[in-house]
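Have a look at the structure below, then the notes.
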Amino acid sequence: MSVIRRIAVLAAGAALLASPVAAAVTVAADTPPASRTAVASVSSTPSPAEARAAAEATAARLAAAKIVDVPVTFTVRNVNRSRTGCRTDGGTYRVRGHLTAPESVLSGAKRSVTLYQHGIAAGEWYWRLDVPGYHYAEELARRGHASVTVDRLGYGTSDRPDGFDTCIGAEADIAHQIVRQLRAGTYQLGARPARGPAEPPSFGTVTLAGQSNGGQVVQIAAYSFAGIDGLMIMDWTDRGLTPEANTRFFSALQSCMAGGQPSRKPSDPGGYVYYDLGPDQFRRGNFHDTEQRVMDAATPHQNRHPCGDMTSQLDSVFTDLEHVHTVKVPVLFVYGDEDARVTGGAAHRRLFTGAETELLTIPGAGHYATMARSAPRTFDRIDAWLDSRGL
């Protein structure tokens, strides 16, 4: 690891060393999940054939409901012009995802869309889980809303730079770049849908939403750049991370201090790390009152994330506290009241003194709040908030 990278990582580590969390951490190495922690409370992992069948069933449901679901690609620059400082490589990359919307929305004269940013331990799959009733983008489309879901830079199907060459401010900048492309229609459709537009549609109204540290990404984008009409922050607070979350953070940070691991295959770019060490930590940290089939479908998606996203997160908290009061657009806060990783949603809401805000607390839900058994009611509440504000 270069001297500059090591200094950045050590600075993040120093901020946590003063915490009693550090004393509780004994595991430093990044090891593939299956060999790290004994599997617990798992009924079965879907086979490749079962996963394909679930995806095909999702596609059939969408088609039957006249919902367009098409791959999209955004060409972006890995730069950081946000208010929070962190380093990038300045390169050009592709961010991939999907546009999911009712045909009627895409054919209308006035189009609205929400761009979703996943958390550090997730990917686009969070919004597109192939379980009936829990596929977020499908459920919002059934309620009349268009969604764009993406793998952030360094995740899933999107391009993956060296994990130390991107950061949380860059993710916010990239979200802003995607918002501009959605307004202008200057992105690419991966395929012409059987129904729906032949060219990338443009949107006059754009809401930005993020889950977990994706919530930090979108609030940084909101106070750093103009160009959005609404903001949703899900399962994120700047001052409410729990000891469990900090323990996971510090353990992963130690792996980054050692240089991290390749993003996937040995030949892939390095500087990546698991947030949770094994499927048991992943399930215990993210789910509460969740059906077994949902956890079984989600757990195989566990992936490494870029070290730069994590090492820049702490400094960005201080920038957040200085600037979130400048956000002017309507803000919806969504939290599960059994979240093992985030607390203090009401306190976080009070920081947004310049905005009209609403707080949605989901009884019995964990960190992946929209995957709890109460998901249908949560989708209804999000739908109502979007509708009431013309988003």
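The values are calculated or read from the model by the stated rules, or taken from the named source; none is laboratory data. Being a predicted model, the structure only gives us computed values, none of them experimental. Cβ atoms come from the backbone with ideal geometry, glycine included; neighbour counts cover every protein chain shown. With ligands, DNA and RNA removed, areas are computed over all heavy atoms of the protein, side chains included. Shrake-Rupley method; radii C 1.70, N 1.55, O 1.52, S 1.80 Å.
Counting pairs of Cα atoms in region 43-152, how many percent are more than 22 Å apart? More than 22 Å apart: 42 percent of the Cα pairs in region 43-152. For region 274-334, the alpha carbon positions stretch 41, 28, 15 Å along the principal axes, listed from largest to smallest.
In deg cm²/dmol, rounded to 500, what helix-only [θ] at 222 nm does the chain give when every DSSP H run of at least 4 residues adds -39500 (n - 2.57) and the total is split over its residues? Each step should come with its number before you reach the end.
Values: 14 runs with 142 residues, N = 391.
That comes out to -10500 deg cm²/dmol.
Mean-square fluctuation check for the chain, GNM, Cα pairs under 10 Å: which of S267, S82, S112 is largest? Comparing S267, S82, S112 in the GNM, the peak value goes to S267. Accessible area of V113 (1.4 Å probe, protein heavy atoms only, ligands and nucleic acids ignored): about 0 Å². Could you state the number of Å between the C-alpha centres of region 238-282 and region 317-380? Result: 24 Å between the Cα centres. Think of the chain as a dipole: +1 on every Lys or Arg Cβ, -1 on every Asp or Glu Cβ, centred on the Cα centre; then among S202, G230, L241, S202 lies furthest on the positive end. Taking 4 °C and 1.567 mPa s as the conditions, I'd like the Stokes-Einstein D for the chain in µm²/s, using the Kirkwood hydrodynamic radius from alpha carbon pairs. The diffusion coefficient I find is 62 µm²/s.
Sparse packing (at most 16 other Cβ atoms within 10 Å of the Cβ) combined with a DSSP loop state is found for the following trypsin sites (Lys or Arg not before Pro) in region 208-281: R239, R264.
When R96, R284, R341 are compared by accessible surface with a 1.4 Å probe, the order from highest to lowest is R284, R96, R341. May I ask you to derive the relative contact order of the chain, considering only C-alpha pairs under 8 Å and at least 6 residues apart, and to give it as an integer percent? It rounds to 21 percent for the chain. Among DSSP bridges having both ends in the chain, what percentage is antiparallel? Round to the nearest 5. So the antiparallel bridges in the chain amount to around 45 percent.
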